[in-house]
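Structure record follows, encoded as structure tokens.
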């Protein structure tokens, strides 16, 4: 019976991943679609910010206002594990089950670019693309994920504004 259940789960992950966050909410992102469909209820778009049931933050700051906030880091860790780890790996090293994510420990594009990429997705040049999470995750949840990822940052990473001056040519 266990092998049958594992087989079914594997099939679901191959067809398009399903994750369940710490709150028991299922999230889907299909390989053929770069839009991560909402499964949490209504969402609204206000200005340049997309939210799911929380006030919009229209301007993304150069640095994460939740940096160093332990509660935000813990929430971000939970969100990262449920939403991001299938592609980016549990350690954010790019070694996820799907094997397609960037190593976020060395992200060097700055906080604004991180938020933009999470919200709008990214064409990676491969069949699998980073889905757009802007209609699923609130700004606060994205900022929490960023606060968590900052704690994993390695030398050369840059979560501040702009590209890391030590390596401006490095592509993410």
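Each value in this text was obtained by applying a stated rule to the coordinates, not by laboratory testing. Just so it is clear, the model here is predicted, and its values are computed rather than measured. Methodologically, a virtual Cβ is constructed for each residue, glycine included, from the backbone with ideal geometry; neighbour enumeration extends over all protein chains shown.
Would you kindly state how much longer the chain becomes between residue 70 and residue 154 on full extension, computed as 0.36 nm times their sequence separation minus their alpha carbon distance, in nm to one decimal?
Working: separation 84, 0.36 × 84 = 30.24 nm, distance 1.91 nm.
So the chain would gain 28.3 nm between residue 70 and residue 154.
Sort the following peptides by mean Cβ neighbour count (other Cβ atoms within 10 Å, averaged over residues), highest first: 59-68, 112-121, 89-98, 137-146.
137-146, 112-121, 89-98, 59-68
Among rounded, prolate and oblate, which fits region 88-137 when a ≥ b ≥ c are the square roots of the eigenvalues of its C-alpha gyration tensor, a/c under 1.5 means rounded, and a/b larger than b/c means prolate? List each step's numbers first, then the result.
Details: a/c = 1.59, a/b = 1.16, b/c = 1.37.
Since a/c reaches 1.5 but b/c is at least a/b, the shape of region 88-137 is classed as oblate.
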